[in-house]
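Presented below is the structure to which this report refers.
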Amino acid sequence: MARKKTAPCGGWASPITTDLMTRGAVGLGQVMLDGDAVYWTEQRPWEQGRTVLVRRGPDGAVRDLTPAPYNVRSKVHEYGGGAMLAGRGGAWFVDARDQRIYRADGEGGAIRPITKADGAGYADLQLDPARERLVAVREAPREGGEPENSLVAIHFDGRIETLAEGADFYAMPAFSPDGDRLAWIEWRHPNMPWDGTDCREARLDAEGRVTARTHIAGGRDVSVFQPSYAPDGRLHYVSDESGFWNLYRHGEPAEHFKAEAEFGQPHWQFGMRTYAFLDAERAVCAFARDGDWSLGVFDLDQKKLSPVSLDGGWRVFDGIVSEGSRVAFTAGRAAGPAAAVTLDLASGRETVLREAFDLKLSEDAVSLAQKVEFPTETPDGGSARAFGYFYPPASAEFEPPEGERPPLIVMSHGGPTGQTTAAFSLKVQFWTSRGFAVLDVNYGGSTGFGRAYRRRLNGAWGVVDVEDCCRGAKWLADRGLVDEQRLVAVGGSAGGYTTLAALTFRDVFAAGRSSYGIGDLETLARDTHKFESRYLDTLVGPWPEAAEIYRARSPIRHTKGLNCPVIFLQGEEDKVVPPNQAEAMVGVLREKGLPVAYILFEGEGHGFRRAESIKRAFEAELSFYAQLFGFEPADKIAPVEIENLK
């Protein structure tokens, strides 16, 4: 075994280059089955972030169905999702440019529009099994007010009929096998879908008109997720009424399939699915226990959940669909790329359709997630526990000089109602392969641990999350695993707010990186899109009644406490967190004479999609740390300009 070279942490050469991340890696989205054919979407950074619809035919031949400039992406709720539906030998999709629905033939024929160019957008497409039409969520602009959301039927000749309206939001329409019933979830301000939703069912006549409507489950304080019909027509859904997102079968009373596990996810995007039926009595399910995801088969008759043995080492599962015993999903694993996968549960055969990248790494070049649990404190001074995944530095070629402890990057996930997982991430391995350690925190408020843990953040955003991130960093430093003088806080969007709050209100971190992060909660409450316009009512307090709390927790109003360097990365066209948030914070740091870097990415929104933007963001951040901590990057990168650096 060759002796490793010695080099300062941060200065190691890495096989995980920015070119790999932008030109060799794709983002995998929905996977759908249509007979022996499989369809999926993949986002390609090297094509300006364009999302392409791909088909693998029964003969194994793979072809793109949507040539440029088509871009498969919905913008409903800003976060989109659910922009593709396979069926009848082809697929329907939403194009990002005009938000119209189009039909693509599975053999690569002509693409034709279904809906008109009237400014409306669509998501969560479903095929009506008994009629020549689709059902979808529609979001239409409304002059002088918020967009109007509804559930509509879309005939193949373009005619549109409204099936449900009046609620603020709709999602997850699902048909019974005979097409006589339609179920969905809906919710109203100020709730987010993980706070409380209503599951409703409508009966349809032969023409598809609604004749009766029934409330199935849920309410203002109960979150229902993914209503679905079994092949025998019985309606199922996921509800957190028990304290965990568990599976239920509708009836009088509803049948509860109990488990101290989460079978649901926060509905940030359309198209999310955690279970699918194999037959009338069995469902294949993704479920989380203490934040860790598994795949299992739930025998609903016996009320028995059995794990599924998987050859691929899969740890995370998204978008589960099925046809008989054949299942498809996107999945992540601990030591390799995410993939679009089909699994035949009858034979056990797994087929990897597409991997996110094709780089093969040796075992010692990969930093495997180490789950950590550490003590923390509640806002009232009580004791609690928080969770995360620790990634030590890992390289097949390099090791640090004797006695050097690595700098630590503390990541706070977005949402903030969300979760980080143990799945392999290029964004994590980029840093660990260069000599950094990473702590990815599932702070109080994260999903995957049950409703009580998720609701720890209610009324306490900027307090609980900050406390947990700081406690996690100190816990690792106290154990001698990282350099306590080089602790860095990073995050994007809501994670960017946690980062800026930690840098402003605590004296733990030496530097930070905020990507499209929030500095002013008042501005966010006044200036954001419909989906999240009342989110802060739960996380902070009702606006404007709780204005004093908003000011107390806004980093921009307490800049005396901000005394470390920060790099800001921002999309010019971001409608969720507009550039004025970053620019206000940058201005404060300039005036204080603190080191600050700011990059505004032209043509980017909330999250970077283009290859050149992703490449520049990672290289600028690496340069920022190199200049602050005094190491020389092994990568040939353009240095980022840091104002006030002495």
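The values are calculated or read from the model by the stated rules, or taken from the named source; none is laboratory data. Predicted model, so just to flag it, every value in this text is computed and none were measured. Heads up, the Cβs are rebuilt from the backbone with ideal geometry, glycines too, and the neighbour counts pull from every protein chain shown. Just the protein is used for accessible areas: all its heavy atoms, side chains included, with ligands, DNA and RNA removed. Shrake-Rupley method; radii C 1.70, N 1.55, O 1.52, S 1.80 Å.
When Val482, Val428 are screened for being at pLDDT 95 or above, touching a helix residue (DSSP H, G or I) at 6+ places or on another chain (Cβ under 6 Å) and not hydroxyl-bearing (Ser, Thr, Tyr), only Val482 passes.
Any residue at all in region 141-156 that is assigned to a strand (DSSP E or B), in contact (Cβ under 8 Å) with a residue 40 or more places away in the chain and open to solvent by 10 Å² or more (accessible area, probe 1.4 Å)? No. Of all the residues in region 24-56, those that are in a strand (DSSP E or B) and either farther than 18 Å from Ser322 by Cβ or within 17 Å of the chain's Cα centre (by Cα) (or both) number 15.
Considering only residues of region 1-59 that are among the polar types (S, T, N, Q) and under 30 Å from Pro406 (Cβ atoms), which is modelled with the lowest pLDDT? In this case the residue turns out to be Thr22. crowded, with 23+ Cβ neighbours inside 10 Å, more than 20 Å from the chain's Cα centre (by Cα), at pLDDT 95 or above and small (Gly, Ala, Ser): does that describe Ala91? The answer is yes for Ala91. Is it true that some residue in region 608-630 is hydroxyl-bearing (Ser, Thr, Tyr) and either in contact with a Cys (Cβ under 7 Å, 6 or more places away or on another chain) or assigned to a loop (DSSP other than H, G, I, E, B) (or both)? No, region 608-630 has no match at all. In this entry, Val54 passes the filter for residues that are closer than 24 Å to Thr274 by Cβ and open to solvent by less than 10 Å² (accessible area, probe 1.4 Å). Considering every residue within region 555-562, establish whether at least one is open to solvent by 10 Å² or more (accessible area, probe 1.4 Å) and at pLDDT below 90. Checked against the condition, which is being open to solvent by 10 Å² or more (accessible area, probe 1.4 Å) and at pLDDT below 90, region 555-562 yields at least one hit. Within the option set Pro379, Pro401, Pro307, being open to solvent by 30 Å² or more (accessible area, probe 1.4 Å) and more than 30 Å from Ala452 (Cβ to Cβ) holds for one residue only, Pro401.
Evaluate the following for Tyr516: is it open to solvent by 40 Å² or more (accessible area, probe 1.4 Å), within 19 Å of the chain's Cα centre (by Cα) and not β-branched (Val, Ile, Thr)? So that I can check it myself, show each step before the final result.
On the way: open to solvent by 40 Å² or more (accessible area, probe 1.4 Å): yes; within 19 Å of the chain's Cα centre (by Cα): yes; not β-branched (Val, Ile, Thr): yes.
It is true that Tyr516 is open to solvent by 40 Å² or more (accessible area, probe 1.4 Å), within 19 Å of the chain's Cα centre (by Cα) and not β-branched (Val, Ile, Thr).
Based on what the data block shows, is Ala167 under 28 Å from the mean Cα position of the chain (by Cα), within 21 Å of Phe225 (Cα to Cα) and not in a strand (DSSP E or B)? It is true that Ala167 is under 28 Å from the mean Cα position of the chain (by Cα), within 21 Å of Phe225 (Cα to Cα) and not in a strand (DSSP E or B). Within region 593-600, identify whether any single residue is assigned to a strand (DSSP E or B), hydrophobic (A, V, I, L, M, F, W, C) and farther than 19 Å from Ala501 by Cα, and answer yes or no. Yes: one or more hits.
Taking Glu143, is it over 24 Å from the mean Cα position of the chain (by Cα) and among the acidic types (Asp, Glu)? When the stated conditions are applied, Glu143 passes them.
Does Asp59 satisfy being within 20 Å of Arg354 (Cα to Cα), without any contact (Cβ under 8 Å) to a residue 12 or more places away in the chain and acidic (Asp, Glu)? Yes; evaluated as a whole, the condition is true for this residue.
Restricting the search to strands (runs of 3 or more DSSP E) fully inside region 193-249 and requiring at least 3 residues that are more than 24 Å from the chain's Cα centre (by Cα) and without any contact (Cβ under 8 Å) to a residue 60 or more places away in the chain gives 198-204, 210-218.
Leu368 passes every criterion in (1) out of contact with any strand residue (DSSP E or B) (no Cβ under 8 Å at 6 or more places or on another chain); (2) over 18 Å from Ala489 (Cβ atoms); (3) open to solvent by 10 Å² or more (accessible area, probe 1.4 Å) apart from (1). Criterion applied to Phe568, Phe601, Phe618 was being at pLDDT 95 or above, open to solvent by 20 Å² or more (accessible area, probe 1.4 Å) and in contact with a helix residue (DSSP H, G or I) (Cβ under 9 Å, 6 or more places away or on another chain), and the one residue passing it is Phe618.
No other residue among Ala261, Ala276, Ala288 is open to solvent by less than 10 Å² (accessible area, probe 1.4 Å) and farther than 18 Å from Gln419 by Cβ apart from Ala276. Just to be sure before I move on: is Trp431 open to solvent by less than 30 Å² (accessible area, probe 1.4 Å), of a type in the set (A, V, I, L, M, F, W, C) and assigned to a loop (DSSP other than H, G, I, E, B) in the structure I sent? Against the criterion (open to solvent by less than 30 Å² (accessible area, probe 1.4 Å), of a type in the set (A, V, I, L, M, F, W, C) and assigned to a loop (DSSP other than H, G, I, E, B)), Trp431 does not qualify. Restricting Gly388, Gly348, Gly415 to residues that are surrounded by fewer than 19 Cβ atoms within 10 Å (Cβ to Cβ) and farther than 28 Å from Trp46 by Cβ narrows the list to Gly348. What about Ala501, is it within 30 Å of Val482 (Cα to Cα), surrounded by 20 or more Cβ atoms within 10 Å (Cβ to Cβ) and under 26 Å from the mean Cα position of the chain (by Cα)? When the stated conditions are applied, Ala501 passes them. Per the listing Leu343, Leu353, the residue uniquely surrounded by 22 or more Cβ atoms within 10 Å (Cβ to Cβ) and closer than 17 Å to Gly35 by Cα is Leu343. Selection of strands (runs of 3 or more DSSP E) fully inside region 290-394 by the criterion of at least 3 residues being touching a residue at least 12 places away in the same chain (Cβ under 8 Å) and out of contact with any helix residue (DSSP H, G or I) (no Cβ under 9 Å at 6 or more places or on another chain) returns 292-299, 314-323, 326-333, 339-344, 349-355, 370-377.
Filtering Ser294, Ser322 for residues that are of a type in the set (Ser, Thr, Tyr), at pLDDT 95 or above and surrounded by fewer than 20 Cβ atoms within 10 Å (Cβ to Cβ) leaves a single hit, Ser294. Per the listing Val576, Val540, the residue uniquely farther than 16 Å from Gly491 by Cβ and open to solvent by less than 20 Å² (accessible area, probe 1.4 Å) is Val540.
Checked against (1) at positive phi; (2) touching a Pro at 6+ places or on another chain (Cβ under 7 Å), Gly319 meets all criteria but (2).
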